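These notes are about the structure you will find just below.
The values are calculated or read from the model by the stated rules, or taken from the named source; none is laboratory data. These numbers come from a predicted model, not from an experiment. Here the Cβ positions follow ideal geometry from the backbone for every residue, glycine too, while neighbour counts run over all protein chains shown. Note: areas computed on protein heavy atoms with side chains; ligands, DNA, RNA excluded. Shrake-Rupley method; radii C 1.70, N 1.55, O 1.52, S 1.80 Å.
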Amino acid sequence: IKANLDNEIASQFKAMVSGIAYRSIRSMLASRRRSDAEILGLIDKVEDTITNLCLGDYQGIIWSCGPGPEDHMVAYRMLTRMRKSTNYPVSVGVCNHAMNILGKARKWEASLEIFERMLADGPVPDKDSYIIVRSQFHSLLSSSREVRNSHWSVEILERMESNGITPDQYAWDTALITCAKRADLHGALLVFERMVEKGQIPSLISYGALLTSLEKCDFLDKAEQVWQHMKKLGIKPNIEAYTIMISVYSKSSSREKLSLLIDEMYAGKAEFTLITYNALITSCAKVGDGKGALKWMEKLVEDGFSPNTISYDQLVKALSLGGEAELARDMYFEASRMNFNLSQSACTALASACKMHGIPHDLVTQSIQ
């Protein structure tokens, strides 16, 4: 009888301590009187020396986690311990709440780990679970785009599909943009082909990203094929797509096609950007068309844009190669007054042109050195 009483007293004591610890932890989370490290330390002491918290305690603590800077640590730790310490089923709502908190803290990998554990061991994810995890996959793709990690983008798409989440247009396009920024043509082609296989119709953004990858990797004939196919499908180009094709035709020295493209842009009332004008000036520099480059520079200013380093760099190069050495030198000094540092190739072209025409170029030569 004494042994039974002792066990009952011990059980009641443990329950009392557990209840006190639970209320203390929730109060600390709500009032932010203690750091999350201190909260986790209290939990460790309770579990390691006295008793485990019960299912309701674990869930209550997770629900109490919110906008605190380190609440995600408590939520993740509690969910992990709850799975190990209790035989009770974990609720979908608690898992979703923990994933939300981790996502807001940009701990997307930990959040996806919870989702994958749900798929493997339960509870079965509900509609909200899929909404949360899709949003976090989008965040991962956006993050990979920021750091230009195209391999990571492709892996994220594969991970989405392996978890039963079909990538949407945003996911495909974000991955394609990442590949374009990285000049990863293999990745861009892989993503584009996979997108089409899955029945997703490529958007203008999809085509634009693929065109960028092709142009950067100098697959110029392939870029023109993609361009024509896009237009054949009735997808109207925007100014970004037109600008890419200016670079394509410029690199391939297709002056006639470039002229037709510009006519098409004017006919479609495309609104030129500074990047567009710079691409046109660059196209003139490639063939030493100084007058053409000057014309586009004047048009750039007429449209209310301010020339930048690229504008002057390519203009000086075009004028120098076109035999307009004195004007090229004037543009060089104008750029210098605006604190634009021109490339060595532009300065070299100018120095050569000045030397050929007997024009002083000591300052230009010094800038090259």
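Looking across segment 245-257, the residues that are open to solvent by less than 30 Å² (accessible area, probe 1.4 Å) and in contact (Cβ under 8 Å) with a residue 24 or more places away in the chain come down to MET245, ILE246, VAL248, TYR249, SER250. Scanning segment 66-103 for residues that are crowded, with 19+ Cβ neighbours inside 10 Å, under 29 Å from the mean Cα position of the chain (by Cα) and not in a helix (DSSP H, G or I) returns a single hit, GLY68. For segment 161-186, a residue qualifies if it is surrounded by 15 or more Cβ atoms within 10 Å (Cβ to Cβ) and either outside any helix (DSSP H, G or I) or free of Cβ contacts under 8 Å to residues at least 24 places away in the same chain (or both), and the qualifying residues are ASN163, ILE165, PRO167, ALA183, ASP184.
Checked against (1) over 14 Å from the mean Cα position of the chain (by Cα); (2) touching a residue at least 12 places away in the same chain (Cβ under 8 Å); (3) part of a helix (DSSP H, G or I), LYS222 passes all but a single condition, namely (2).
Considering the conditions (1) closer than 23 Å to SER252 by Cα; (2) open to solvent by 40 Å² or more (accessible area, probe 1.4 Å), SER336 is excluded by exactly one of them, (1).
Please count how many residues of segment 139-154 are farther than 20 Å from MET99 by Cβ, open to solvent by 10 Å² or more (accessible area, probe 1.4 Å) and part of a helix (DSSP H, G or I).
Taking segment 139-154 and keeping what is farther than 20 Å from MET99 by Cβ, we get 145-154.
Add one more test, that the residue is open to solvent by 10 Å² or more (accessible area, probe 1.4 Å), and what stays is 145-149, 151-152, 154.
From what's left, part of a helix (DSSP H, G or I): 145-146, 151-152, 154.
Total meeting the criteria: 5.
Annotation note: Cβ proximity below 9 Å between a residue of segment 312-333 that is under 10 Å from LYS291 (Cβ atoms) and modelled with pLDDT under 95 and a residue that is charged (D, E, K, R) and assigned to a loop (DSSP other than H, G, I, E, B) (sequence gap 6+ or interchain) occurs for GLY322/ASP289.
Report the residue count in segment 258-284 for those that are assigned to a helix (DSSP H, G or I), open to solvent by 50 Å² or more (accessible area, probe 1.4 Å) and free of Cβ contacts under 8 Å to residues at least 24 places away in the same chain.
Here is the first cut: in segment 258-284, the residues assigned to a helix (DSSP H, G or I) are 258-267, 274-284.
Checking which are open to solvent by 50 Å² or more (accessible area, probe 1.4 Å) leaves us with 259-260, 263-264, 266-267, 275.
Next cut, free of Cβ contacts under 8 Å to residues at least 24 places away in the same chain only: 259-260, 263-264, 266-267.
The qualifying residues number 6.
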